[in-house]
Amino acid sequence: MILKGSVYKTGENINTDVIMPGRWCHLTDDKELAKHCMEDLDIDFHKKIKVGDIIVADDNFGCGSSREVAPLSIKAVGISAVVAKSFARIFYRNAINIGLPIFESPECADATEAGDRLEIDMFGGKIKNITKGKDFAFAPFPPFMKTIIDKGGLKGWVLEKLGKA
Amino acid sequence: MGQTIAEKIIAEHARVECVVPGQIVTVPVDMAMANELSAALSIKELKSWGIEKLFDTNRVCLIPDHFTPNKDINAAGITRTVREFANKHDIKWYFEVGRAGIEHAVLPMEGVILPGQIMVGGDSHSCTAGAINCLATGVGSTDIACAWATGDIWLKVPQSAKLTYSGKLPPYVYGKDLILYALKDLGTAGATYMSIEFHGSVFDQLPMADRFTMANMAIEAGGKTGIFRFDEKTKELVESTPRYKAEKPSYKTYDPDPDAVYAIERKYDVSNLEPMIARPFSPDLVGPVSEIKNVKIDQVVIGTCTNGWLDDMIRAAEILKGRKVHRDVKAIIIPGSQKIARQAFDLGLPQIFIDAGCVFSTSTCGPCIGGHMGVLGENDVCVSTTNRNFKGRMGHITSRVYLANTSVAAASAVLGRVGSPVEL
């Protein structure tokens, strides 16, 4: 599967409190979540993002609270993938579980600027920066995680386990 | 090859002889806990998946604590959803407001989680329970829904970090300072995905409360969990819980092998440590309290899941007894649970807090997540015993939070600025 989009660039230690502030943690509706995504970092984030855009971040993206509304809001606003130097553990799990594609590539994060066009070959392990004309590799997902990703998230795995798939 | 505590607990649950870091295993969970905010999403997902029956209702725990007592009409709607779900499935471990408190203070103290077990919680500070030698870790709502539906969870076996504390504790230096000091050393991503094992003779000098405080903040270094070894203090706490007394459940305890392999090993001598403080806007921006000069404050929060233990209430009272909170400061004291509040009343502590001019609140996560009961406004400065001081964490994005131990927070409330008990 190939993902294509323009880059929204952000920094290191982007925590889930700024991705989805506590005051909105009672929300469960995608449309509402999208409106407040990244609000404490960039109040106009949801207006700037076009469907398919890709977040490129530095180290430790998604640190802090386990709130699943953080990755849900990123997905809801239309972001197709997050590329970071590294992810915090719970955010990583949550993203895999809800089917938000995420990739660890320090080289890509370093070389990519806001507005660049990226093309991500999800299972080919390659990110192409079309604007810069550069290719970057990312480590392939372990087989178990690939299974969950293939099923579009943990839901598919649960239903199969329960014999309901 | 020797195994760490986390590796042993995971191997036992996966029914294999040993596991190695990086390996992904599916394990049964002994308890899957959620608060009202994480539960709301889990319940929504189970519904959308068409799942009506839970795997084992005795392995589900629900504690509304974040926006409770209901802060507004939305919160009231969410807690109603959770209560109705608990009633529909006849959830044994459902704790209504007024009968429990904050999830991380309630679980180990009620005996809902026992040593050697695996607990997942829909809250990042679920690692707190690691203080009683179990593997407790924070996950998201989809993971919780999965555990409720199947009884299982997927886990990547973590590497382990071994932090050993030795020396004699100076006055007013507690578990909070020990973990803040480690955060200064490791950084907020220094132990990402790791199980942090706490070792050392220092813990003989401290009550269980400080172990909970330290395990609670393992996540602030990116950790999957924080785990303490089992000893007489653990045994005393575990076997005095209501569930243990009623059911006498058996439990297993785990010690690491002498040749266990650690990704990180650190030795800290605490003998010359001062009380520490984390500056805005990250829990790893840590230094001695004495280095912070002339920072006037508007609010102090003492308690919650990090420092809401009975020992914290006692330490706060020691500072506040016979003193008054500074006229420009609002001091809010929040015990971790109803049980702790009750014990505090028995010791006459709330009377001391009220005489000093503090709010003595019922248990809630409220102010820590900028929810209610002490939300910070524009440019407000707060000294808090909570665990995070990210931008906007407790309210307005210009507000600033300093993280400290209970005695430092209480002293700051009196001084009207960031300060230490020795200045009183």
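The values are calculated or read from the model by the stated rules, or taken from the named source; none is laboratory data. Bear in mind the structure is a predicted one, so any value in this text is a computation, not a measurement. All Cβ positions, glycine included, derive from the backbone under ideal geometry; neighbour counts span all protein chains shown. For the accessible areas, the whole protein counts, side chains as well, though only heavy atoms, and no ligand, DNA or RNA atoms are used. Shrake-Rupley method; radii C 1.70, N 1.55, O 1.52, S 1.80 Å.
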Just for chain B, what percent of DSSP beta bridges are antiparallel, to the closest 5?
-> 20 percent
For B:Ile196, distant residues with modelled amide H under 5 Å away | B:Ala161, B:Lys224, B:Thr225, B:Gly226, B:Ile227
What accessible surface, in Å², does a 1.4 Å probe find on B:Asp72, ignoring ligands, DNA and RNA and rounding to the nearest 10?
-> 60 Å²
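What number, rounded to the nearest 500 deg cm²/dmol, is the helix-based mean residue ellipticity at 222 nm of chain B, given -39500 (n - 2.57) per DSSP H run of at least four residues and division by all its residues?
Helix contribution divided over all residues of chain B: -9000 deg cm²/dmol.
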For B:Thr164, put the label point 7 Å out on the Cα→Cβ axis and report which residues of segment B:199-220 keep their amide N under 12 Å from it.
-> B:199-202
Once amide H atoms are built 1.01 Å from N in the peptide plane, which residues 5 or more positions from B:Ala331, or in another chain, come under 5 Å H to H?
-> B:Val300, B:Val359
Would you mind telling me the share, in percent, of accessible area of segment B:249-358 contributed by carbon and sulfur at probe 1.4 angstrom?
-> 49 percent
Accessible solvent surface per residue of chain B, calculated while the other protein chains remain in place, 1.4 angstrom probe, Å² = 34 Å²
Cα convex hull of segment B:276-423, projected area averaged across orientations, nm² = 7.3 nm²
At a temperature of 4 °C and a viscosity of 1.567 mPa s, determine how fast the protein assembly as shown diffuses translationally according to Stokes-Einstein, using the Kirkwood radius over alpha-carbon pairs as Rh; express D in µm²/s, rounded to the nearest whole number.
-> 54 µm²/s
Hey, can you grab everything whose amide H is under 5 Å from the amide H of A:Gly99? Only 5+ residues off in sequence or another chain; H modelled, so Pro and N-termini drop out.
-> A:Leu154
For B:Leu347 and B:Ser290, extending 7 Å from Cα along the Cα-Cβ vector and measuring point to point gives, in nm, a value of 2.8 nm
Take the Cβ-Cβ distance between B:Lys184 and B:Asn379 as r, set R0 to 25 Å, and report the resulting FRET efficiency rounded to the nearest 0.05.
-> 0.45
Provide the per-residue ³J(HN,Hα) series for segment B:280-290, in order, calculated from phi with Karplus coefficients 6.51, -1.76, 1.60 and θ = phi - 60°, each as a whole number of Hz, with x at glycine and proline positions.
-> x, 10, 7, x, 9, 7, 10, x, x, 4, 4
Violations at 22 Å Cα threshold for listed pairs B:Lys233/B:Lys339; A:Lys48/A:Lys75; B:Lys47/B:Lys156; B:Lys8/B:Lys339; A:Lys85/B:Lys8 -> B:Lys47/B:Lys156; B:Lys8/B:Lys339; A:Lys85/B:Lys8
Nearest 100 Å² is fine: how much accessible area is buried between A and B, summed over both sides, with a 1.4 Å probe?
-> 3500 Å²
Taking 0.36 nm per intervening residue step and subtracting the Cα-Cα distance, what contour gain separates B:Glu84 from B:Lys245 on full extension?
-> 55.1 nm
Sort chain A into rounded, prolate or oblate with this rule: let a ≥ b ≥ c be the square roots of the eigenvalues of the Cα gyration tensor; rounded if a/c is under 1.5, and if a/c is not under 1.5, prolate when a/b is larger than b/c, oblate otherwise.
-> oblate
With springs connecting C-alpha atoms under 10 Å apart, model chain B as a Gaussian network and identify which of B:Leu114, B:Leu180, B:Leu54 has the largest mean-square fluctuation.
-> B:Leu54
Would you be so kind as to identify which of B:Thr164, B:Gly395, B:Ile113 lies farthest towards the positive end of the dipole of chain B, taking Lys and Arg as +1 and Asp and Glu as -1 on Cβ and the Cα centre as origin?
-> B:Gly395
Counting only heavy atoms of protein chains, what accessible area per residue, in Å², does segment A:2-139 have with a probe of 1.4 Å?
-> 35 Å²
